[in-house]
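Report on the structure given below.
The values are calculated or read from the model by the stated rules, or taken from the named source; none is laboratory data. Please read all numbers here as calculations on a predicted model, not as lab measurements. Positions of Cβ are backbone-derived with ideal geometry, glycine not excepted, and every protein chain shown enters the neighbour counts.
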Amino acid sequence: MGMSGTGRAADGAVPNINVTPLIDVLLVLLIIFMIISPVKPHQFEAKVPAEPQDLPEDVEITPNPLTLVVSINGSDLKVKLNTEDVGDVSDTEPLQTRLKQVFDEREQKNVVREGTNEIEKTVFIKAPKSVRYGDVVKVIDGVKQAGAQPVGLQIDDLSG
């Protein structure tokens with residue numbers, strides 16, 4: 001009597017699945033996943049340099065004296081800050097200490113980045129392709145812990 005069907009007892013009850021609650025649950029789950037998914041994925045900001053200009057051969061190019069370059073030697077993994085030895089890849093503490101000293105000196109002398117009022121803390125890291133990725137990352141971490149911002153990677157192929 002309470003069952004749906006044609007009313008014939010011989011055929012038995014015909015099962016019907018009510019899908020409305022299942023669709024409601026599906027829509028709720030869809031909304032939850034849309035809310036918890038990141039709207040904008042995090043990404044590493046990369047600035048592509050401009051094309052080099054063709055200069056006459058007699059023009060002498062002088063590097064900026066404020067440029068800080070951390071070089072990793074491919075043969076013995078020694079680290080240099082410009083021309084000064086500051087330890088090796090396994091211990092970046094001397095590099096961090098020296099960079100902090102440089103940044104403190106720049107803050108005292110109010111050496112700012114061109115066009116801004118921020119203290120110049122740009123550091124470039126230069127390593128040959130033979131150096132393992134993990135070793136370069138250790139140096140990047142050390143440079144960032146010293147307070148460098150931004151950190152640039154030079155892709156020049158160095159010997160050794």
Looking at E105, is it crowded, with 17+ Cβ neighbours inside 10 Å and closer than 14 Å to L66 by Cα? no
Scope the range 91-119; condition part of a loop (DSSP other than H, G, I, E, B) and modelled with pLDDT of 90 or more; matching residues: T92, K109
Among the residues that make up the range 126-134, is at least one of them outside any loop (DSSP other than H, G, I, E, B), surrounded by 14 or more Cβ atoms within 10 Å (Cβ to Cβ) and at pLDDT 90 or above? yes
Here's a check for you: in the range 135-160, which residue that is in a loop (DSSP other than H, G, I, E, B) and not small (G, A, S) is modelled with the highest pLDDT? P150
Search the range 104-129 for residues that are farther than 23 Å from V79 by Cβ and pair each with any residue that is polar (S, T, N, Q) and surrounded by 10 or more Cβ atoms within 10 Å (Cβ to Cβ) when their beta-carbon atoms are under 9 Å apart and the residues are at least 6 apart or on different chains. R113/T122; E118/Q149
Flagged in the range 133-144 as of a type outside the set (D, E) and closer than 17 Å to K80 by Cα, in numbering order, are V136, V137, K138, V139, I140, G142, V143, K144
